[in-house]
């Protein structure tokens, strides 16, 4: 695709003419758009074969995905570690689908997160996560394959790169337009219009990407030997959940993967054109047996979180007693116990609970952060320092960074007064 060229322009706020003619608000905006397009690269969508604009190279795409993968996991509960065999199983199913995708050489990785929200996501470069909360809503390996194949298409079709490109242009365009109109009486209205337009554009892009991922994901399923009808059943389950609205936690899933009867029918029509495959229902149920067994513990966890939000620590402890009895290995139950004891001002019990959480799962930032904050508030600054540093190593947060800054400042002041 040829690069669009325009005459050299000075700052848009300094030069008011274009090809010798006075620049109106519209022509200035047109010039800005042309300038943006002139620096855009033309690339081919590896899945659809269509020419598309992208400001993100494949190398940058891989780098972004790699850099965001661990922080994204940490901020959403960390890896589910109670049943390591489940992680292995999800990776195997994901690898099987990735091998028949349009970008089989991406450094794919598939992980189960210890999160009750029924959701799944993909980062640029093939970094894909599925929450244990979604696994319990699925009935077969074919439905699991529908989820993973859908996310694989997001990675293979460079949807993340396109999202970044659009976001970059929207931000740059909004700033440039604001500068161009800063002396205009229309500035405020233009700013609002830019924000609304950007939101609508991104929402439209999201729906298009979802439909594209449905279509090509079903092709990947068929290539890997799965029953494409699994994608139909998956969308039917989502529609049913959205109608019942069983939990506010479903909002995140429906925001990123909006269900509709239209998607159900589109998947059903597409499935009729694809070869038959396997559902692997019994195998899937056997693989998630631990999750099903522990579901009452996670239900109790949700009740405990609600109790803590309502400032009822004793009720939270009652729910957490049940959770711990059913599944004592989950560190987050113990972190929540620490929060409840802290709310009751039983600080020794709170520290013991946080320490137990760390012993159960030393690789989750929030356990270290919670104990570090408690120790800092109790005056044990050196012990707090170690906890907060470990927390920041796993996931840098403003809370840990702020307290560490205060600790370092106090140490520096103490050094200079000696």
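Throughout, read-outs are computed from the coordinates displayed, never taken from laboratory work. Quick caveat: nothing in here was measured; it's all calculated off a predicted structure. Cβ: placed from backbone, ideal geometry, glycine included. Neighbour counts: every protein chain shown.
Observations on the model:
- Considering only alpha-carbon pairs that sit under 8 angstrom and 6 or more positions apart, the relative contact order computed for the range 289-417 is 15 percent.
- Residue order, fewest to most surrounding Cβ atoms within 10 angstrom, among 240, 162: 240, 162
- As a proxy for reagent exposure, 50, 96, 396, 127 were ordered by neighbouring Cβ count within 10 angstrom, fewest first; the result is 50, 396, 96, 127.
- A full extension of the chain between residue 282 and residue 349 corresponds to an added length of 19.7 nm, given 0.36 nm per residue minus the alpha carbon distance.
- With the simple spin-label model, which puts each label point 7 Å out from Cα in the Cβ direction, the residue 57 to residue 318 separation comes to 6.1 nm.
- Residue exposure proxy: 239, 232, 44, ordered by other Cβ atoms within 10 angstrom of their Cβ from fewest to most, comes out as 44, 239, 232.
- In terms of the mean number of neighbouring beta-carbon atoms within 10 Å, the peptides 282-288, 334-340 order highest first as 334-340, 282-288.
- Residue separation of residue 396 and residue 410 scaled by 0.36 nm, minus their Cα-Cα distance, works out to 2.9 nm of gained length.
- Computed FRET value (nearest 0.05) for residue 310 with residue 75, which takes r as the C-beta separation and R₀ as 30 Å: 0.80
- Part-to-part distance (alpha-carbon centres) for the range 84-100 and the range 358-418, which is given in Å: 37
- Residues of the range 98-113 with amide N under 18 Å of the 7 Å Cα→Cβ point at residue 363: 108-113
- For the range 289-417, the fraction of alpha-carbon pairs lying more than 16 Å apart is 63 percent, rounded to a whole number.
- At R0 = 22 Å, FRET efficiency that the Cβ-Cβ distance of residue 293 and residue 139 yields, to 0.05: 0.85
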